[in-house]
Amino acid sequence: MISFSGIDCGGKSTQIEKVKLTLDAKGKKSRVIHSRGGYTPMLEWFKTLIRSDKGGNDQDHAQYRESVHGNPKKRKLLLWLSVLDLGLYYGVWFRLVELFGTTVLADRYFWDSLIDFRMKYPEFDFEKWLVWKFARAIHLKPKYSVIYTIPAELSMYRSTLKDEPWPEPVEVRRDRIERYMKEIELGRWQHVIDATGTIDEVYAKTIKVLGL
């Protein structure tokens, strides 16, 4: 398994697709799996079962989200379920995929979701929860882990070019980058790649660290 991390518009998806093409050319099976804590397929399926706004309009959806996130108990339960689901997704599903000889190319992974949870649920010290310790213990350890770094302003500019529907403000991106830098200092990733260059320049660095 190879994990690719970094903020939005940092070039992860582009580099992953190029890596997949390289693996395909070498006759090696691979599968790209994008994930984000709280939005994995199993949890999304579960949420559709219990939602009270099914069949509603945008206003109904907005009111439902407000009712959930405005309730501390519901927020805590949602975070707990998100963490449990993440552990099962990364610890069980990823292993099953690799069991059949397929290399998982993870577009975002464990530490990305850690930062997401910290930013979205600052009121909870979830890293002390048993369910978080379970998820951390069971998740599949990557053979290679890569993080791409870019300035917040460049990320914002690329977001504008892509015309993203709900772009994060540049201040939030700066906060996110600071959090990534702290995790980099803790050695969460094997390889840190400056992604401010061209696609080909970044890809040259990527295949070098992956030994392709």
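Annotations
- log10 of Debye I(q)/I(0), alpha-carbon scatterers only, for the chain at 0.07, 0.13, 0.17 Å⁻¹: -0.23, -0.82, -1.33
- Spin-label zone in the range 3-44 - amide nitrogen under 18 Å from a point set 7 Å from the Cα of V170 along the C-beta vector: 7-10
- Probe 1.4 Å - accessible area at S82, Å² to nearest ten: 0
- Qualifying aspartates and glutamates (Cα of each under 12 Å from Cα of K74; at least 8 residues distant if same chain): E66
- Volume per residue for the range 3-45 equals 85 cubic angstrom (convex hull of Cα atoms).
- Extending 7 Å from Cα along the Cβ direction at K29 and again at E44 yields two label points whose distance is 2.4 nm.
- Rolling a 1.4 Å probe over the protein heavy atoms gives the chain an accessible area of 56 Å² per residue.
- Segment V92..Q190, full-extension length gain: 33.0 nm, with 0.36 nm per residue of separation and the alpha-carbon distance subtracted.
- Surface share of carbon and sulfur [accessible, 1.4 angstrom probe, percent] for the range 1-45: 56
- For the range 72-92 and the range 93-157, distance of Cα centres in Å: 13
- Annotation: lysines with alpha-carbon distance below 26 angstrom to K20 (same-chain offsets under eight excluded): K12, K28, K29, K141, K143, K162, K205, K208.
The values are calculated or read from the model by the stated rules, or taken from the named source; none is laboratory data. Bear in mind that the values here come from a model prediction, so they are computed numbers and not experimental data. Counting neighbours? That spans all protein chains shown, and the Cβs are built from the backbone with ideal geometry, glycine included. Side chains are part of the model used for accessible areas, which takes the heavy atoms of the whole protein and leaves out ligands, DNA and RNA. Shrake-Rupley method; radii C 1.70, N 1.55, O 1.52, S 1.80 Å.
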